[in-house]
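The block underneath contains the structure these notes are about, expressed in structure tokens.
The values are calculated or read from the model by the stated rules, or taken from the named source; none is laboratory data. No experiment lies behind these values; they were computed from the predicted model shown. No Cβ is skipped: glycine too gets one built from the backbone with ideal geometry, and neighbour counts run over all protein chains shown.
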């Protein structure tokens, strides 16, 4: 289990979606929790991008629709929003 941004992340349990943001680039992406970029909100194994100032992960969402609604609400001012093209088909 990871602790990221005040929320605990249970690795590999159930389906989850997370939103990653890069404030300096005004970019955000929804990831499937099992994605290698996401790792259930923990990010890459060799990087610490867990709310490290300009980057961060959302808490887990049970559905893609919930994650996308969060992204649209929290990051409406980011011009570059979308789904991860590697882990969510139809992105």
Hits in segment 59-74 - residues which are assigned to a loop (DSSP other than H, G, I, E, B) and either closer than 10 Å to residue 19 by Cα or modelled with pLDDT under 80 (or both): 59, 60
Which of the residues that make up segment 75-86 are touching a strand residue (DSSP E or B) at 6+ places or on another chain (Cβ under 7 Å) and either assigned to a loop (DSSP other than H, G, I, E, B) or surrounded by 13 or more Cβ atoms within 10 Å (Cβ to Cβ) (or both)? 75, 78, 81, 82, 83, 84
Picking from 56, 36, 41, the residue that is modelled with pLDDT under 90, outside any loop (DSSP other than H, G, I, E, B) and either surrounded by 11 or more Cβ atoms within 10 Å (Cβ to Cβ) or in contact with a helix residue (DSSP H, G or I) (Cβ under 9 Å, 6 or more places away or on another chain) (or both) would be 56
Filtering segment 1-25 down to residues that are more than 14 Å from the chain's Cα centre (by Cα), under 20 Å from residue 54 (Cβ atoms) and modelled with pLDDT of 50 or more yields 24, 25
